[in-house]
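Peer 1: Okay, handing you the structure first.
The values are calculated or read from the model by the stated rules, or taken from the named source; none is laboratory data. Remember, predicted model here, so these are calculated numbers, not experimental data. No Cβ is skipped: glycine too gets one built from the backbone with ideal geometry, and neighbour counts run over all protein chains shown. Remember, those area values only see protein heavy atoms, side chains included, never the ligands or the DNA or RNA. Shrake-Rupley method; radii C 1.70, N 1.55, O 1.52, S 1.80 Å.
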Amino acid sequence: MTVESTAARKPRRSAGTKSTAGKRTTAKNAPGTDPELVQLLTPEGERLKNAEYDKYVAGITPDELRGLYRDMVLTRRFDAEATALQRQGELGLWASLLGQEAAQIGSGRATRVDDYVFPTYREHGVAWCRGVDPTNLLGMFRGVNNGGWDPNGNNFHLYTIVIGSQTLHATGYAMGVAKDGADSAVIAYFGDGASSQGDVAESFTFSAVYNAPVVFFCQNNQWAISEPTEKQTRVPLYQRAQGYGFPGVRVDGNDVLACLAVTRWALERARGGEGPTLVEAYTYRMGAHTTSDDPTKYRADEEREAWEAKDPILRLRRYLESANHADEGFFAELEAESEALGKRVREAVRAMPDPDHFAIFENVYADGHALVDEERAQFAAYQASFTDAEGV
């Protein structure tokens with residue numbers, strides 16, 4: 001799989017996935033709205049000027065731009081390998097980030113080492129930026145551990161499966177940061193579907209009242225599994241912040257430079273004691289919600305094809321080439337690095353040891369419990385029955 005094919009990878013189509021009226025829906029902005037995106041790179045790779053946000057990327061070097069491109073390409077390659085591993089029975093499930101690389105890499109690279117990140121379960125690109133080994137992300141999806149990394153080692157919390165609950169964790173942590181007098185910030189990631197959860201509303205309330213140094217980063221990929229955003233809100237999501245008394249901004253989530261600039265601005269506000277910010281990264285989920293989902297059942301091919309033209313990786317490549325910031329040697333080296341990453345991930349997953357089957361009985365109660373002891377004994381007898389059967 002080359003960098004070119006990885007960057008332009010399209011989800012596989014099942015037979016009969018052409019759009020049919022009444023069967024599949026196209027996600028749209030709320031009726032009557034035409035929100036203005038913060039955009040610094042057009043889909044064609046043209047650099048735009050922005051009086052408010054240019055200063056947050058004014059000093060970016062060609063080497064740093066190539067680094068952002070490398071981040072996105074390698075993150076997509078890792079994601080593609082994980083999807084393939086699930087299809088081959090090596091993972092139980094996988095939540096792909098395909099199409100959302102710019103939102104994650106741009107915002108992830110805006111954080112400082114001392115900032116703390118609270119992800120959901122799709123922030124593979126942010127994990128990459130925080131220095132988490134990508135193979136560690138796969139243990140939970142293979143069922144061999146509960147996360148695989150030390151959250152305090154990278155200030156990157158374990159993945160959160162319960163929708164929206166991590167925003168409350170982030171708010172509480174940020175309140176603690178403020179009480180400690182630290183100048184670091186907290187960032188919480190969630191999706192457009194999670195934005196309708198009560199936990200998120202509570203997070204907005206508490207963070208505003210206590211002026212918590214937290215950035216709420218919503219990746220609006222326009223589909224909460226099979227529900228388009230228009231089924232959840234009558235206004236763009238970023239406008240919800242107004243009701244809680246803090247600013248919201250909508251950024252082009254396929255523009256890595258804009259995501260970097262806007263997140264830097266929001267984190268700077270948080271560190272300066274100005275309180276929370278809601279960033280809505282307007283992007284698109286190119287693949288399925290997870291590998292257990294079939295998006296062809298609820299959305300139109302034409303919609304996906306329109307967003308393929310806005311691919312975040314191709315967008316930055318066009319800019320690098322037009323500005324003479326990268327040559328064919330760079331892309332060739334990255335292609336080789338991409339393939340090496342895919343191979344390493346595959347080998348690492350297959351080498352993961354099976355978990356201790358009796359670990360589920362540990363730490364249920366602080367001092368143990370007779371019922372747990374009984375269940376452990378029953379499970380041991382059940383496991384032994386297989387060994388006995390094989391020995392017969």
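Peer 1: Let me know the charge dipole size of the chain about its Cα centre in debye, to the nearest 20, where only the beta-carbon of Lys, Arg (+1) and Asp, Glu (-1) is charged.
Peer 2: Using Cβ point charges on Lys, Arg, Asp and Glu, the chain gives about 1140 debye.
Peer 1: On a 0 to 90° scale, report how tilted helix 165-180 is relative to the longest principal axis of the chain, with both axes built from alpha carbons and the result rounded to the nearest 10.
Peer 2: 70
Peer 1: Can I ask one more? For a quick protection proxy, order the peptides 78-91, 255-268, 40-53 by their average other-Cβ count within 10 Å, most packed first.
Peer 2: 255-268, 78-91, 40-53
Peer 1: Mean separation of Cα pairs under 8 Å and 6+ residues apart, divided by the residue count of segment 138-194: what relative contact order is that in percent?
Peer 2: 23
Peer 1: Here's something else I'd like to know. What number comes out for accessible area per residue over the chain if the probe is 1.4 Å? Units Å², please.
Peer 2: That works out to 45 Å² for each residue.
Peer 1: Which one is right for this structure if percent of Cα pairs over 35 Å apart is calculated from it: (i) 29; (ii) 45; (iii) 22?
Peer 2: (i)
Peer 1: Looking at the chain, send over the antiparallel percent of its DSSP beta bridges, to the nearest 5.
Peer 2: 10
Peer 1: Can I get the semi-axes of segment 66-123's equivalent ellipsoid? Compute them from the C-alpha gyration tensor as square roots of 5 times the eigenvalues, in angstrom, largest first.
Peer 2: Semi-axes, largest first: 24, 14, 8 Å.
Peer 1: Work out the charge dipole of the chain with +1 on the Cβ of Lys and Arg and -1 on the Cβ of Asp and Glu about the Cα centre, then indicate which of Val262, Ala370, Thr111 is farthest towards its positive end.
Peer 2: After comparing all options, I get Val262.
Peer 1: Quick one: putting +1 on the C-beta of Lys and Arg, -1 on the C-beta of Asp and Glu, what dipole do you get for segment 84-227 around its Cα centre, in Debye to the nearest 20?
Peer 2: That gives a dipole near 200 debye.
Peer 1: Which angle from 0 to 90°, rounded to the nearest 10, does the C-alpha axis of helix 198-209 make with the longest principal axis of the chain?
Peer 2: 60
Peer 1: May I pose another question? By a straight-distance test (C-alpha under 18 Å), which aspartates and glutamates pair with Lys49 as possible cross-link partners, with residues fewer than eight away in the same chain excluded?
Peer 2: Once the sequence-local aspartates and glutamates are set aside, what remains near Lys49 is Glu36, Asp252, Asp255.
Peer 1: Something else now. Please compute the length gained on full extension between Leu37 and Asn146, using 0.36 nm multiplied by the number of residues separating them and subtracting their Cα-Cα distance.
Peer 2: 35.5 nm
Peer 1: Starting from segment 337-392, pick out the trypsin sites (Lys or Arg not before Pro) whose DSSP state is loop and whose Cβ has at most 12 other Cβ atoms within 10 Å.
Peer 2: Passing both the DSSP loop test and the Cβ count: no residue.
Peer 1: Specify the angular offset, from 0 to 90 degrees and rounded to the nearest 10, of the alpha carbon long axis of helix 312-322 from the longest principal axis of the alpha carbons in the chain.
Peer 2: Once rounded, one gets 40 degrees.
Peer 1: Continuing with the same structure: How do 286-292, 164-170, 95-101 rank on mean C-beta neighbours within 10 Å, highest first?
Peer 2: 95-101, 164-170, 286-292
Peer 1: Then there's this: Any chance you could check the Cα centroid distance between segment 198-220 and segment 60-102 for me, in angstrom?
Peer 2: 28
Peer 1: Hey, another quick one. Please compute the length gained on full extension between Thr61 and Asp301, using 0.36 nm multiplied by the number of residues separating them and subtracting their Cα-Cα distance.
Peer 2: Residue separation times 0.36 nm, minus the Cα-Cα distance, leaves 82.6 nm.
Peer 1: Is it possible to state the helix-based mean residue ellipticity at 222 nm for the chain, with each DSSP H run of 4+ residues giving -39500 (n - 2.57), the sum divided by total residues, to the nearest 500 deg cm²/dmol? What is it?
Peer 2: -13000 deg cm²/dmol
Peer 1: Of Tyr284, Val186, Gly92, which is farthest on the positive side of the dipole of the chain, counting Cα position, with +1 on Lys and Arg Cβ, -1 on Asp and Glu Cβ, and the Cα centre as origin?
Peer 2: Positive-end residue among those listed: Tyr284.
Peer 1: Something else now. Take Val162 and Glu274, extend 7 Å from each Cα along the Cα→Cβ direction, and tell me the distance between the two endpoints in nm.
Peer 2: Once both label points are built, they end up 3.3 nm from each other.
Peer 1: Any idea which of Gly143, Leu320, Ala336 is furthest toward the positive side of the dipole for the chain, if Lys and Arg beta-carbons carry +1 and Asp and Glu beta-carbons -1?
Peer 2: Of the options given, the answer is Leu320.
Peer 1: What size of dipole, in debye to the nearest 20, comes out for segment 295-372 about its Cα centre when the only charges are +1 on Lys and Arg C-beta atoms and -1 on Asp and Glu C-beta atoms?
Peer 2: Approximately 200 debye in magnitude.
Peer 1: Just need the Rg to Rh number for segment 112-268, please, alpha carbons only, Kirkwood Rh.
Peer 2: My calculation puts Rg/Rh at 0.95.
Peer 1: Please compute the modelled spin-label separation between Ala370 and Asp294, points set 7 Å along Cα→Cβ, answer in nm with one decimal.
Peer 2: Calculated label separation equals 5.2 nm.
Peer 1: Now a separate question. Compute the semi-axes of the equivalent ellipsoid of segment 213-344, taking the square root of 5 times each eigenvalue of the Cα gyration tensor, and list them largest first in whole Å.
Peer 2: 30, 24, 14
Peer 1: Given the pairs Lys55/Lys179; Lys231/Lys297; Lys55/Lys343; Lys231/Lys310, which span a C-alpha to C-alpha distance of over 28 angstrom in this model?
Peer 2: Beyond 28 Å: Lys55/Lys179; Lys55/Lys343.
Peer 1: Obtain the nm distance between the two label points defined at Asp183 and Val113 by a simple spin-label model: each point lies 7 Å from its Cα along the Cα-to-C-beta direction.
Peer 2: For the pair Asp183/Val113, the computed spacing is 1.6 nm.
Peer 1: While we're on this one: Could you give the semi-axes, largest first, of the ellipsoid that matches segment 208-258, computed as the square roots of 5 times the alpha carbon gyration tensor eigenvalues and rounded to whole Å?
Peer 2: 21, 16, 10
Peer 1: Shifting gears a bit: Mind checking the full-extension length gain between Val235 and Gln378? Use 0.36 nm per residue of separation minus the Cα-Cα distance, one decimal, nm.
Peer 2: Extra length from Val235 to Gln378 when fully extended: 46.0 nm.
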